[in-house]
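Novice: Sharing a structure here in structure tokens format.
The values are calculated or read from the model by the stated rules, or taken from the named source; none is laboratory data. Predicted model only: the values in this text are computed from it and were never measured. Don't worry about glycine lacking a Cβ; one is built from the backbone with ideal geometry, like all the others, and counts go over all protein chains shown. Ligands, DNA and RNA are stripped out before the accessible areas are found, and what is left, the full protein with its side chains, is counted by its heavy atoms. Shrake-Rupley method; radii C 1.70, N 1.55, O 1.52, S 1.80 Å.
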Amino acid sequence: MDGLVKSKIPQQSSLIALFKSSPSSSSLSSSSSSSWIQVLHSLSPVPTGSKVLHEGHPNSTTDLSSEQTRSLIVENEATQGVGFIDGFVGQSGMEWKDVEKRFDQVARTVRSSEPVVRWSEFGFCIGMQSSPEFANELLCALRGGENWKYKITKADLYNLWFRMKDNSFNSRMRIFFDMCNRNKDGRITETDIKQTILLTASTNKLSVTHDEAENYASLIMESLDKKNKGYLEISQMGSLFKAGLSKAHSPMKQVSATTGSTQNVHSSSGDFCEEQEPMSRTEVLIRTYWRRAWVVLLWFLACLGLFVWKFVQYRHRSGFEVMGYCLPTAKGAAETLKLNMALVLLPVCRNTITWLRKHRPINSVIPFNDNINFHKVIAGGIVVGVILHGGTHLACDFPRISESDRSIFRQTIAAGFGYHRPTYAEILATTEVTSGIAMVVLMGVAFSLATKWPRRRSPVLPVSLRRVTGYNTFWYSHHLFVLVYALLIIHSMFLFLTDKLMEKTTWMYIAFPVLLYTGERIFRAFRSGSYEVDILKASLYPGKVLYLKMQKPEGFKFHSGMYIFLQCPQISPFEWHPFSLTSGPQDDYLSVHIRTLGDWSYQIYDLFQEAVLSRSQGCPKLYIDGPYGCAAQDHVKYDILVLIGLGIGATPFISILKDVVKGVQTTEIDHSGLRKCSLTKGPLKAYLYWVTREPNSFDWFRDVMKEISNSTKKQSVVEMHNFLTNVHPEGDIRSALLSVIQALHLAKNGTDIVSRTPVSALLLSFGQYMFDAFWLKLEYVIDFSRVFYCGPSKLARELTKLCTKFSTKTTTRFVFHKENY
């Protein structure tokens, strides 16, 4: 994809890759499964002497019959499914110069002038150093199995590399067949297939038992060995890969296959869509950012207006003769500080924001989803104001006062200092200055501990600092602002050059926000005290994920996509941590999934682990507070949803999927086919894209995915797509057999062997770009799509660029939103 920036984080780059893929849908119907088997059975064996013809060849596909053309197209597609080296099929494949460079790094000269490498270093030379056992099997297959454990010269390596670079399907199929055919008799038995499956699983860090490998091998034999010979030949294995991998690597087939569902979405919504032109980049940016823009612009103009007002006012005061422009600069910055110290509390008044979200006229013009971002922007404004105000006073105003001409001092500002010209030290000792310095120190501590590295206890910090940082430190240090606001009132009551009470306006700015925030905290304290919940079920999942199923308090109502705060008194009576609800609004219980990522989450995991394993004591006591609204809550306003989650970031979307499946849709159609009336309680279509590193992560939501898949068999309301990034991608020889078994097992048994759900898990590599077909598919399906994302911020920026790019290149508008807590 042109202009796409690669992410340095593996899982993030893999998600960008998935936006260019054509993943298998969870809404796999029986017809599509049977059609896959029909393709498998209809393919004729591969002639051992066939060649791949290219465009321009005198016997190219344009001169062949349609059946021959189809066969060659399938062969070419299947060839792409059996790559041998990381990145070989793609934009970042290794070339001979790279292999040669690796050879030179480890080569040595023994008894001859020609450098050689050991056979065990073959994997490093070709880029398979992460799979040494698989590389050894590949070398054995390339060398024919006889005396393959001898040293490799550069010429030998070049010949081996040349064979692997051969793009013909027959050549690659021969190498793979020889890898499976361990006794080199030209026949693959079920035992050979089992051993290859175990090797493939081990290479991809997948947990496959011997019994499972035996079942998968039996499945392949059952599909191909129709004459019950007890073995397979190369032509039969070729048919298997052609049928399986050509389907997995043909984006346009998947797009065309969704045309029917495309029409269903349009007909169910009743909308008649006229052909539209793609929007310009300017229009897309305006539509995307106008709400943020006007709020930030209004805030900036308010700060600028207050600064100019105070600056002009003090420009004409008597103190200007002593301190010059330093005085109006400091006073102008002070006025902006008053405003920002008031505004900074409003974005964290969560109950008020949740209530305002319910009012569509307000929600449509104010970007409540960016409340935390606006909170950070205002904090930045406070930092600038403190530097201007405090720095100008300390470096300019105070020295000029202490060193001013006595006659000018007496004629101008002497009354404010008791007709005594103070020294610099005496000025620093005043109530005004000491309270101001104390405020700056406290704010400096709180701001520093709220930044990314200390808050997340980043490894880049020294060990001594990591011990005293983390979310808990951030949480407690932020409450220093109680002292800051108290000092702010004191500071505002003892001002230089100001005796009139009406000019001491700080309390006017902060009165309402402080009272509102205080009221919210009191309300939360009373409400949470009545929301002690009973634990109905606690489960421990791989990856240190804790699942809690809790009794739903009476009168507790929420919308899907909302989150709650949890408190465990055994850990701390003051700490509240946000977690997305994974239960649906219709469920009679509340559930959350907690992954251990910080101090508090590790502690609560240990407490429940002890309770679950011992079974002799009850679960720890928990209190909840909420619910609170977030970006995903707005999903009900849109017909089409695209939900993207990384790892545990899928949690806010689980309740949305439940809500969409259970939503009631009623549509009346007139004779012309246009919608006359539509009563819809939820979106018409939802696409979930879940990317995770470890296959065990699929256990977290396995039951939910099975439930949703079973609920959407008749009507494809939800499409779920799983992506696994900690394995070798589809198209790599190390996962080629795995991809085939996935397709066979899903078609026969309705479950995927990786995710162990009806949702197939697509294998992605780090930085593999395969998202184009996905966007092409959505272009046919919809005219407006809301993209919700939960995960690292770095990838959010890349997805924002993708939404903007495809909104300008297609008639579909993609609007992006990231979850912020």
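Novice: Only residues that are open to solvent by 30 Å² or more (accessible area, probe 1.4 Å), over 30 Å from THR725 (Cβ atoms) and of a type in the set (D, E, K, R): list them for segment 204-237, please.
Specialist: Across segment 204-237, the qualifying residues are GLU222, LYS226, LYS227, LYS229, GLU233.
Novice: Next question, about the same structure. Considering only residues that are farther than 16 Å from ALA155 by Cβ, free of Cβ contacts under 8 Å to residues at least 24 places away in the same chain and not in a helix (DSSP H, G or I), look in segment 109-129 and name the one that is farthest from the chain's Cα centre (by Cα).
Specialist: Ranking the candidates gives ARG111 first.
Novice: What's the number of the condition THR434 fails, among (1) open to solvent by 40 Å² or more (accessible area, probe 1.4 Å); (2) touching a residue at least 60 places away in the same chain (Cβ under 8 Å)?
Specialist: Of the numbered conditions (1) open to solvent by 40 Å² or more (accessible area, probe 1.4 Å); (2) touching a residue at least 60 places away in the same chain (Cβ under 8 Å), the odd one out for THR434 is (2).
Novice: Sort through SER50, SER71 and tell me the only one that's of a type in the set (Gly, Ala, Ser), modelled with pLDDT under 85 and not in a helix (DSSP H, G or I).
Specialist: Of SER50, SER71, the one residue that is of a type in the set (Gly, Ala, Ser), modelled with pLDDT under 85 and not in a helix (DSSP H, G or I) is SER50.
Novice: From the list TYR780, TYR789, TYR769, exactly one residue is open to solvent by less than 10 Å² (accessible area, probe 1.4 Å) and either modelled with pLDDT under 80 or over 24 Å from SER280 (Cβ atoms) (or both). Which is it?
Specialist: Being open to solvent by less than 10 Å² (accessible area, probe 1.4 Å) and either modelled with pLDDT under 80 or over 24 Å from SER280 (Cβ atoms) (or both) holds for just one of TYR780, TYR789, TYR769, which is TYR789.
Novice: Return the residue satisfying two criteria in turn: it lies in segment 469-480 and is among the aromatic types (Phe, Trp, Tyr) and open to solvent by less than 40 Å² (accessible area, probe 1.4 Å), and of such residues it is modelled with the highest pLDDT.
Specialist: Of everything passing the filter in segment 469-480, PHE474 is modelled with the highest pLDDT.
Novice: Across segment 187-203, which residue is most open to solvent (accessible area, probe 1.4 Å) among those that are in a helix (DSSP H, G or I) and of a type in the set (A, V, I, L, M)?
Specialist: By that ranking, first place goes to LEU198.
Novice: Between residues in segment 793-810 that are in contact (Cβ under 8 Å) with a residue 24 or more places away in the chain and of a type in the set (A, V, I, L, M) and residues that are in a helix (DSSP H, G or I) and open to solvent by 20 Å² or more (accessible area, probe 1.4 Å), which pairs lie under 6 Å by C-beta distance while being six or more apart or on different chains?
Specialist: none
Novice: When the residues of segment 501-555 are narrowed to those that are among the hydroxyl-bearing types (Ser, Thr, Tyr) and either in a strand (DSSP E or B) or free of Cβ contacts under 8 Å to residues at least 24 places away in the same chain (or both), which ends up nearest to SER601 (Cα to Cα)?
Specialist: Of everything passing the filter in segment 501-555, TYR547 is nearest to SER601 (Cα to Cα).
Novice: Now for a separate question. Just the residues that are among the charged types (D, E, K, R) and either farther than 30 Å from VAL322 by Cβ or touching a Ser or Thr at 6+ places or on another chain (Cβ under 8 Å) (or both), please, taken from segment 478-537.
Specialist: Of everything in segment 478-537, those that are among the charged types (D, E, K, R) and either farther than 30 Å from VAL322 by Cβ or touching a Ser or Thr at 6+ places or on another chain (Cβ under 8 Å) (or both) turn out to be LYS504, GLU520, ARG521, ARG524, ARG527, GLU532, ASP534, LYS537.
Novice: Another one. Could you grab me the full set of residues in segment 156-186 that are basic (Lys, Arg) and part of a helix (DSSP H, G or I)?
Specialist: Scanning segment 156-186 gives ARG163, ARG172, ARG174.
Novice: Identify all residues within segment 363-400 that are over 21 Å from PHE300 (Cα atoms) and open to solvent by 60 Å² or more (accessible area, probe 1.4 Å); write none if there are none.
Specialist: Those that are over 21 Å from PHE300 (Cα atoms) and open to solvent by 60 Å² or more (accessible area, probe 1.4 Å): LEU394, ALA395, ARG400.
Novice: Those residues that are farther than 20 Å from THR498 by Cα and acidic (Asp, Glu), I need them from segment 384-424; list them, please.
Specialist: GLU403, ASP405
Novice: May I pose another question? Considering segment 540-581 alone, what residues qualify as being open to solvent by 50 Å² or more (accessible area, probe 1.4 Å) and of a type in the set (Asp, Glu)?
Specialist: GLU554
Novice: For residues in segment 437-468 being farther than 20 Å from GLY380 by Cα and under 25 Å from the mean Cα position of the chain (by Cα), which is most open to solvent (accessible area, probe 1.4 Å)?
Specialist: That would be PRO459.
Novice: Now, a different point. In this structure, does GLY598 turn out to be within 24 Å of the chain's Cα centre (by Cα), at pLDDT below 90, over 23 Å from LYS358 (Cα atoms) and among the small types (Gly, Ala, Ser)?
Specialist: For GLY598, the condition - within 24 Å of the chain's Cα centre (by Cα), at pLDDT below 90, over 23 Å from LYS358 (Cα atoms) and among the small types (Gly, Ala, Ser) - is met.
Novice: Just give me the residues in segment 720-738 being open to solvent by 10 Å² or more (accessible area, probe 1.4 Å) and either closer than 23 Å to ASP703 by Cα or at pLDDT 85 or above (or both), in sequence order.
Specialist: Across segment 720-738, the qualifying residue is only ASN726.
Novice: May I ask you to list the residues in segment 121-163 that are at pLDDT 85 or above, under 19 Å from PHE177 (Cα atoms), of a type in the set (A, V, I, L, M, F, W, C) and open to solvent by 40 Å² or more (accessible area, probe 1.4 Å)?
Specialist: If the condition is that a residue be at pLDDT 85 or above, under 19 Å from PHE177 (Cα atoms), of a type in the set (A, V, I, L, M, F, W, C) and open to solvent by 40 Å² or more (accessible area, probe 1.4 Å), then PHE162 is the only one that fits.
Novice: Can you name the residue in segment 403-420 that is open to solvent by less than 20 Å² (accessible area, probe 1.4 Å) and in a helix (DSSP H, G or I) and, of all such residues, is modelled with the lowest pLDDT?
Specialist: Once the filter is applied, the top-ranked residue is ALA414.
Novice: So, in segment 630-665, of the ones that are part of a loop (DSSP other than H, G, I, E, B) and open to solvent by 10 Å² or more (accessible area, probe 1.4 Å), which residue ends up modelled with the lowest pLDDT?
Specialist: VAL664
Novice: Tell me, please, whether a residue that is crowded, with 19+ Cβ neighbours inside 10 Å, at pLDDT 90 or above and in contact with a helix residue (DSSP H, G or I) (Cβ under 6 Å, 6 or more places away or on another chain) can be found in segment 527-539.
Specialist: no
Novice: Still on this model: For segment 295-321, how many residues are of a type outside the set (Val, Ile, Thr), touching a residue at least 24 places away in the same chain (Cβ under 8 Å) and under 30 Å from ASN369 (Cα atoms)?
Specialist: So the count comes out to 5.
Novice: Further, regarding this structure: Has segment 337-346 got at least one residue that is surrounded by fewer than 20 Cβ atoms within 10 Å (Cβ to Cβ) and outside any loop (DSSP other than H, G, I, E, B)?
Specialist: yes
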